[in-house]
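A short worksheet on the structure shown next.
The values are calculated or read from the model by the stated rules, or taken from the named source; none is laboratory data. All figures in this text were calculated on a predicted structure; none of them were measured in a lab. A quick note on method: Cβ atoms are made from the backbone with ideal geometry, for glycine too, and the neighbour counts reach across all protein chains shown. In case anyone asks, the SASA skips ligands and DNA or RNA and just uses the protein heavy atoms, side chains included. Shrake-Rupley method; radii C 1.70, N 1.55, O 1.52, S 1.80 Å.
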Amino acid sequence: MSQGKLFIYNTPRAAPSKAIIEHFKLDFQVLEDPNELKAKFPRHRIPSLLLKNGTQITESIAIVNYLVNQIDDEKVKADLLGKNELEKAQVLQWLSMTTVDLFNHLGALYLTSIKKFAYTKPSVDYHFSLINEVADFMEQRLTHYTYLVDERATLADVYAYYMCVLAFGLIFGPEFPKAHPALTRWYKTMMDHPIIKSSPSLFPAFAEKDIELTPKKETKKKEEKKTEKKAEKKEEKPAAEAPQQEKKPKHPLEALGRSTFVLDEWKRKYSNEDTRPVALPWFWEHYNPEEYSLWKVGYKYNDELTMTFMSNNLVGGFFNRLSASTKYMFGCLVVYGENNNNGIVGAVMVRGQDHVPAFDVAPDWESYEYTKLDPTKEEDKEFVNNMWAWDKPVVVNGESKEIADGKVLK
């Protein structure tokens, strides 16, 4: 009789446990039996482990740890779980982070794409912000290390690989790997790991395009636009004999050339000096309105925001996705109000007189509204000062709202 039964569906969450059993030939049955699962496990969690003595274990982290501890080879076990208390803690850290802050949000986007979850712009933006936050954290780690814990693959790497499969294989297209070269290098390395090869993913290694996330009522319009674009392309004549065009600049704002206002100098001044007494007077003395424009930026869906920390994470994700334009921008967005009654607003300076080239590098830029400010007007100038100093309440419809949090784009 086997040591127990592992109940799974073919999902990334169950894949690590299945891979450990199959690679190390552990004495457990792997079953896709929804009837037996429902009969024995009231919560119907996947994966679920039923031991031969009747003990039940649920939750993927607990199960995969239990299974690794069933390996007879103590050295292999220590290599996977950690050779000392610090490594063990680091392994658990990555298991938890890649489940809670990565896979759960990737899964939510996938379920939104197939209409199992209702589409709302704030929730989609929030999921993207958390995913990018973890991806950037992993990128930072893997820039200096081959693997997540040490210079060898541990259970953290095996488990995290499967948690990342949705990101690379379904949610994000080619731009995501380009933006995360160290994470992508690690991901490709783990594809060839013997444990991973024991249980390949059901998703492709790399998606060809970003996942489509739209409200149901907008889906038809999108398809009609795509059809029109295809028709336009068919009517275009081939340009094989056309002269070779000059390479376009990497960013459209590069065409504006160097400005007399040195943005990096201002960013250093803002970061290192007191804002009201020193930094802001310096800014207005050196600011050139012909080279840079100022914009009031406000979130369109404040009535759907809930917790202030979630609103601030949403801002952080937006700023992360603006990374291609940060050399042409500076600003702050603040979260004002309290839980279940808050909003997002701020002031941003961009190169040139049009906000679109700077902001449209972020897929969620249209979730915000943009109003051009006139620095010759005292009220607009004071708005910029307040948004960049964070030391006065935000006035909304005549009512003062305290600033709860915020982010600086620099």
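Placing unit charges on the Cβ atoms only, positive for Lys and Arg and negative for Asp and Glu, gives region 73-213 a dipole magnitude near 300 debye about its Cα centre. With 25 Å as the limit, the listed pairs 267/407; 269/300; 209/372; 269/296 have 269/300; 209/372 beyond it between alpha carbons. Comparing 262, 149, 297 in a Gaussian network model of the chain where C-alpha atoms under 10 Å apart are linked, the largest mean-square fluctuation is found at 262. Placing a label point 7 Å from the Cα of residue 144 along the Cα-to-Cβ direction, no residue of region 188-210 has a backbone N closer than 11 Å. Take every DSSP beta bridge whose two residues both sit in the chain; close to 90 percent of them are antiparallel. Each semi-axis of the equivalent ellipsoid for region 61-137 is √(5λ) with λ an eigenvalue of the Cα gyration tensor; in descending order they amount to 34, 14, 7 Å. Give me the net charge for the shell around residue 375: Cβ to Cβ below 13 angstrom, other residues only, Lys and Arg +1, Asp and Glu -1. So the surrounding residues net to -4. The Cα atoms of the chain give a gyration tensor whose axes a ≥ b ≥ c have a/c of 1.5 or more with a/b greater than b/c, which makes the shape prolate. Structure remark: mean-square fluctuation, Gaussian network model of the chain, C-alpha springs under 10 Å; the largest value among 35, 104, 312 belongs to 35.
Convex hull volume per residue, computed on the Cα atoms of region 260-409, equals 106 Å³.
Sort region 16-149 into rounded, prolate or oblate with this rule: let a ≥ b ≥ c be the square roots of the eigenvalues of the Cα gyration tensor; rounded if a/c is under 1.5, and if a/c is not under 1.5, prolate when a/b is larger than b/c, oblate otherwise. Oblate, since a/c reaches 1.5 and b/c is not below a/b.
Summing Lys and Arg as +1 and Asp and Glu as -1 over all other residues whose Cβ lies under 13 Å from the Cβ of residue 125 gives a net charge of -1. The simple spin-label model puts a point 7 Å past each Cα toward its Cβ; for residue 274 and residue 258 those points are separated by 3.4 nm. The modelled label-to-label distance between residue 188 and residue 210, using points 7 Å beyond Cα along the C-beta direction, is 2.3 nm. What you get for the chain, charging only the Cβ of Lys and Arg (+1) and of Asp and Glu (-1), is a dipole of about 1180 debye around the Cα centre. Computed on the chain, with alpha-carbon pairs under 8 angstrom and 6+ residues apart, the relative contact order is 13 percent. Average accessible surface for the chain: 53 Å² per residue, computed with a 1.4 Å probe over protein heavy atoms with every protein chain in place. Build a GNM of the chain with springs between Cα atoms under 10 Å apart, and of 400, 311, 17 the one that fluctuates most is 400. The mean sequence distance of close C-alpha pairs (under 8 Å, at least 6 residues apart), as a share of the length of region 260-409, puts its relative contact order at 31 percent. Could you tell me which of rounded, prolate or oblate describes region 71-190, using a ≥ b ≥ c as the square roots of the eigenvalues of the alpha-carbon gyration tensor, with rounded for a/c under 1.5 and, failing that, prolate when a/b is larger than b/c and oblate otherwise? Verdict is prolate for region 71-190. The residues packed around residue 16, meaning those with a beta-carbon under 13 Å from its beta-carbon, carry a net charge of -1 if Lys and Arg are +1 and Asp and Glu are -1.
For a paramagnetic label modelled on residue 391 (point 7 Å from Cα along Cα→Cβ), amide N atoms under 11 Å away belong, within region 272-294, to 274-281. Annotation: residue 101 carries an accessible surface of approximately 60 Å², with a 1.4 Å probe and no ligand, DNA or RNA atoms counted. For region 67-109, GluC sites (Glu not before Pro) meeting the loop criterion (DSSP other than H, G, I, E, B) and having at most 12 other Cβ atoms within 10 Å: none.
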